[in-house]
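Worksheet: one structure, shown below.
What follows is calculated from the coordinates using simple rules that are stated; it is not laboratory data. What you see is a predicted model, and the numbers here were worked out from it, not measured in a lab. When we count neighbours, we look across all protein chains shown, and the Cβ atoms used for this are built from the backbone with ideal geometry, even at glycine.
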Amino acid sequence: MLTSPAQKALWYIESHLSAPLSLDDIAAMAGVSRFHIVRAFAAATGVSVMRYVRLRRLSEAARALASGAPDILGLALEADYGSHEAFTRAFRDQFGVTPEKVRASASLDGLALQEPVLMDQTPLSDLAAPRFVAAGPLLVAGVGDRFSVDNGAGIPALWRRF
């Protein structure tokens with residue numbers, strides 16, 4: 001049974017990988033806002049929703065190319081790229097080689113493929129029941145900044161500033 005929005009989003013993405021996918025569609029299927037699915041998915045998987053979609057599509061295209069798929073344009077369109085050039089550029093940026101080279105070598109060696117993420121559905125039964133504690137006023141001091149999921153490198157600098 002799928003319980004979290006991230007699990008629902010993963011199921012939807014994997015079962016509709018070759019269809020056009022938008023963030024709004026994925027969020028609607030998960031029953032949450034697009035802003036919530038972005039945060040929940042990144043927290044659960046470590047990668048943004050649309051980056052995961054892109055990585056999975058490119059990985060499946062790489063598998064097809066290594067198996068001898070003759071039509072790169074067909075793979076590009078199936079992976080939701082508008083042209084052979086856009087697909088080749090994204091493929092090379094991701095894997096460091098061109099689709100033609102993968103097809104010619106018939107090998108996936110050295111390619112960092114994105115495998116489907118499988119969420120652990122084991123229920124946690126040893127958690128203590130939540131408790132609420134009433135306390136007086138709390139003063140919190142610190143520094144803050146905004147970081148994206150893809151760029152958290154500035155977080156350690158916050159400790160030095162503090």
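How tilted is helix 5-15 with respect to the longest principal axis of the chain? Cα atoms for both, answer in degrees (0 to 90, nearest 10).
Taking the Cα atoms of the chain, the angle to 5-15 is about 10 degrees.
Using the alpha-carbon atoms, what tilt in degrees (0 to 90, nearest 10) does helix 84-95 show relative to the longest principal axis of the chain?
Taking Cα atoms only, the helix is inclined about 60 degrees.
Towards the positive end of the charge dipole of the chain, with charges on Cβ (+1 Lys, Arg; -1 Asp, Glu), say which of 20, 157, 90 has the farthest Cα.
Among 20, 157, 90, the one farthest towards the positive end of the dipole of the chain is 157.
By how many degrees, between 0 and 90 and to the nearest 10, does the Cα long axis of helix 34-45 differ from the longest principal axis of the chain?
Helix 34-45 and the main axis of the chain meet at about 80 degrees.
Can you tell me the order of 56-66, 141-151 when each peptide is scored by its average per-residue count of other Cβ atoms within 10 angstrom, highest first?
56-66, 141-151
What value in Å³ per residue do you get for the convex hull of the alpha-carbon atoms in segment 9-89?
Measuring per residue, one finds 93 Å³ for the Cα hull of segment 9-89.
With +1 on each Lys and Arg Cβ and -1 on each Asp and Glu Cβ, how big is the dipole of segment 51-114 about its Cα centre, in debye rounded to the nearest 20?
With only Lys, Arg, Asp and Glu charged at Cβ, the dipole is about 200 debye.
In whole Hz, with x marking every Gly and Pro, tabulate ³J(HN,Hα) for segment 154-162 from phi via Karplus 6.51 cos²θ - 1.76 cosθ + 1.60, θ = phi - 60°.
My calculation for segment 154-162 gives x, 4, x, 5, 4, 5, 5, 5, 5 Hz in order.
Picking from 74, 117, 47, whose Cα lies most toward the positive end of the charge dipole for the chain (charges on Cβ: Lys, Arg +1; Asp, Glu -1)?
47
Would you calculate the volume per residue, in Å³, of the smallest convex hull containing every Cα atom of the chain?
186 Å³
Using the Karplus curve 6.51 cos²θ - 1.76 cosθ + 1.60 with θ = phi - 60°, work out ³J(HN,Hα) for each residue of segment 102-118 in order, rounded to whole Hz, and write x for Gly and Pro.
5, 5, 5, 7, 6, 9, 9, 4, x, 8, 8, 6, 8, 7, x, 7, 10
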